[in-house]
1. How large is ³J(HN,Hα), in whole Hz, for each residue of the stretch 46-57 in order, when computed from phi with the Karplus curve 6.51 cos²θ - 1.76 cosθ + 1.60 and θ = phi - 60°, using x for Gly and Pro?
2. Determine ³J(HN,Hα), in whole Hz, for all residues of the stretch 104-110 in sequence, where each value follows from phi through the Karplus function 6.51 cos²θ - 1.76 cosθ + 1.60 and θ = phi - 60°; x replaces Gly and Pro.
3. So who's got an amide H within less than 5 Å of the one on residue 29, skipping anything under 5 residues away but keeping other chains? H placed 1.01 Å off N, in plane.
4. Using R₀ = 25 Å, calculate the FRET efficiency as 1/(1 + (r/R₀)^6) where r is the Cβ-Cβ separation of residue 118 and residue 31; round to 0.05.
5. Can you list residues whose amide H is under 5 Å from residue 56's amide H, if they're 5+ apart or on another chain and H is modeled 1.01 Å from N?
6. Near residue 110, within a Cβ-to-Cβ distance under 15 Å, what is the net charge of the other residues, with Lys and Arg +1 and Asp and Glu -1?
7. Normalising by the residue count of the stretch 10-117, find the relative contact order in percent from Cα pairs under 8 Å and 6+ residues apart.
Amino acid sequence: AAAAAAAAKEAWIGQAVQVDRDGRAFYTSFRKNGDVFRLKDCATLKPETEAADPYLAQIVSMWQEPGGDMMIKGPWLYRERDVPKGKAPKNPPMGAREVLLSDWCDANPIESVMQRASILFSAAPPPAGLDPP
């Protein structure tokens, strides 16, 4: 049990690349649960309830607060069901496995990160027939 708890512990990789005037130390990568997370990686984050799907976010900043809290910040990725009714793309419609990159960013503790998420980014919609029914 102690080994599992130690493996889940978050740790920075390398030295801080910047310290701002508020004393926050910024990094480019961290390790958690055996996964390495780097800037621009996507991750699943713990939802409020176990019954809910994990949140999806892209990591664009990571830092340690002067008090020791490890944080990430980045835009959310939304599934079609997360998009307000009538706001999801219609032509072409979203595929079952597609997500939308939002411009809404939030800071979250690294302890809320569950695992890496494999997200392929595209400037254009994928060809028809690529998404399973």
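1. 4, x, 5, 10, 5, 6, 7, 5, x, 6, 10, 8
2. After applying 6.51 cos²θ - 1.76 cosθ + 1.60, I find 8, 10, 9, 8, 9, x, 4 Hz.
3. Residues meeting the amide H criterion: 13.
4. Working: r = 18 Å, r/R0 = 0.72.
Given R0 = 25 Å and the Cβ-Cβ separation, E is 0.90.
5. The answer is 45, 77.
6. Value of the local net charge: +1.
7. Values: 209 pairs, mean separation 27.7, N = 108.
Contact order relative to length: 26 percent.
A short reminder: the numbers here are calculations on the coordinates, not readings from a lab. The structure displayed is predicted, hence computed values, not measured ones. When we count neighbours, we look across all protein chains shown, and the Cβ atoms used for this are built from the backbone with ideal geometry, even at glycine.
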